[in-house]
């Protein structure tokens with residue numbers, strides 16, 4: 001957790017979920033990354049109001065594979081909402097089914 005990345009302890013099928021609060025008048029473009037490559041994208045167009053966005057993915061991982069979230073840089077301003085009072089961004093993952101050796 002200290003590195004900000006999920007590291008798979010076992011080979012198997014994992015489920016990941018990302019929830020993000022978009023920022024008013026800003027584009028929201030976030031990747032769930034698997035070993036450096038984007039696995040899925042969470043995208044919200046600029047709007048006059050902020051909204052909650054979610055994305056999920058199931059990935060087959062090997063021991064030591066890494067999964068994390070990154071804010072993607074585009075031509076327009078890109079942001080997610082955050083403050084020091086409440087939690088507006090969550091990312092979680094768990095093992096669905098270990099692979100039998």
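Pairing each residue of segment 7-33 that is at positive phi and in a loop (DSSP other than H, G, I, E, B) with any residue that is at pLDDT below 85 and surrounded by 14 or more Cβ atoms within 10 Å (Cβ to Cβ), provided the two are 6+ apart or on different chains, yields C-beta distances under 6 Å for 25/46.
Taken over segment 41-67, residues that are modelled with pLDDT of 95 or more, surrounded by fewer than 17 Cβ atoms within 10 Å (Cβ to Cβ) and in a strand (DSSP E or B) amount to 5. Tallying residues that are surrounded by fewer than 19 Cβ atoms within 10 Å (Cβ to Cβ) and under 19 Å from residue 66 (Cα atoms) within segment 20-40 yields 7. Considering segment 77-101, and only residues there that are loosely packed, with under 12 Cβ neighbours inside 10 Å and either touching a helix residue (DSSP H, G or I) at 6+ places or on another chain (Cβ under 8 Å) or more than 30 Å from residue 11 (Cα to Cα) (or both), the residue that is modelled with the lowest pLDDT turns out to be 77.
The values are calculated or read from the model by the stated rules, or taken from the named source; none is laboratory data. All of these numbers come straight from a predicted model, not from anything done at the bench. In this analysis, Cβ positions are derived from the backbone assuming ideal geometry, glycine residues included, and neighbour counts consider all displayed protein chains.
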